[in-house]
Amino acid sequence: PRVVVLISGSGSNLQALIDAAHNGSLLAEISLVVSNRSNAFGLERAKKASIPSKVLALKSYTNAGKTREQYDIDLAQLILEAQPVLVVMAGFMHIVSSAFLDRFPTIPLINLHPALPGQFDGARAIERAFEAYQRGEIKHTGVMVHRVIREVDGGEPLLVQEVEIKPEDDLAALKERIHSVEHVLIVKATALVLEQEAAKPKTKSV
Ligand code: GRF
């Protein structure tokens, strides 16, 4: 089954998906990678894996006087053309609007977020967890993959994994521990949703 992956940065989670698809532990074909940033290293990873990629930069829309809604509509069209069974946001730093979500009434969208449900929604989640730990407010943090809905990082969690924070950690050590959990969780969540989709009765195209 075809999977489209959305990225913005290094694409280490994309790489985890590529590796799993290549070594057969994930029965999926990553048919398209879309980035909202032209400098995302993840685009290099896609190229090396011979996966088609597209860049849709919001800045080019705002510079051309086009709306954010138009961006979301075009992004949705780009993805739909690839006819995915599943859309995975892996380090995708763009908040999709209802103009985008409305175009995916049946295709599942999932997002990786480096925090526990309801904690540190939005950007800089790892940094904010680290600061909260230093203030003694939390003992550990975590990673989750959730379904994408209108509320940012608010969708039903599919998989959640706690991640310990050690007293001797600096931010880099915590990030490294979190990213290694992400790389496992993103593959597991993708496999889980693909299994759920495969189990659904096929709607006959009338
Ligand atoms: C990850 O923590 C991801 O959850 C966040 O961006 C970080 C880097 O992801 N949104 P990647 O290396 O680009 O996959």
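Taken together, the values in this text are just the output of simple stated rules run on the coordinates, not laboratory data. Predicted, not measured: the structure shown is a model, and the values here were computed from it. Here the Cβ is made from the backbone with ideal geometry for all residues, glycine too, and neighbour counts use every protein chain on show.
The order of the peptides 6-12, 196-202 by mean Cβ neighbours within 10 Å, most packed first, is 6-12, 196-202.
Rounded, prolate or oblate: which one fits region 17-94, using the alpha carbon gyration tensor with axes a ≥ b ≥ c (rounded when a/c is under 1.5, else prolate when a/b beats b/c, else oblate)? It comes out prolate by the Cα gyration axes. Within the shell of other residues whose beta carbon sits under 14 angstrom from the beta carbon of Gly9, the net charge comes to +2, with Lys and Arg scored +1 and Asp and Glu -1.
To the nearest Å, what is the center-to-center distance of region 177-202 and region 94-166, using C-alpha atoms only? What the calculation gives is 15 Å, centre to centre. Extension gain for Asn23-Val160 works out to 46.9 nm (0.36 nm per residue, less the C-alpha to C-alpha distance). log₁₀ I(q)/I(0) of the chain at q = 0.08, 0.15 Å⁻¹, via Debye over equal Cα point scatterers, no solvent, to two decimals? Those come out to -0.27, -0.95, one per q. The relative contact order of the chain, computed from alpha carbon pairs under 8 Å that lie at least 6 residues apart in sequence, is 20 percent. Only Lys, Arg, Asp and Glu carry charge here, each on its Cβ (+1 for the first two, -1 for the last two); on that basis region 95-143 has a dipole of about 60 debye about its Cα centre. The charge dipole of the chain, taken about its Cα centre with unit charges on the Cβ of Lys, Arg, Asp and Glu (plus for the first two, minus for the last two), comes to roughly 620 debye. Go ahead and set up a Gaussian network model of the chain, Cα springs under 10 Å, then flag whichever of Lys139, Lys59, Lys48 fluctuates most. Looking only at Lys139, Lys59, Lys48, the biggest GNM fluctuation is shown by Lys48.
In region 99-206, the ratio of gyration radius to Kirkwood radius, Rg to Rh, stands at 1.07 when only Cα atoms are counted.
With the helix formula -39500 (n - 2.57) applied to DSSP H stretches of n ≥ 4, the chain reaches a computed 222 nm mean residue ellipticity of -12000 deg cm²/dmol. Exceedance of the 32 Å cut-off in Cα-Cα distance is limited, within the set Lys139/Lys188; Lys48/Lys188; Lys54/Lys166; Lys66/Lys200; Lys54/Lys188; Lys66/Lys188, to Lys54/Lys166; Lys66/Lys200; Lys66/Lys188.
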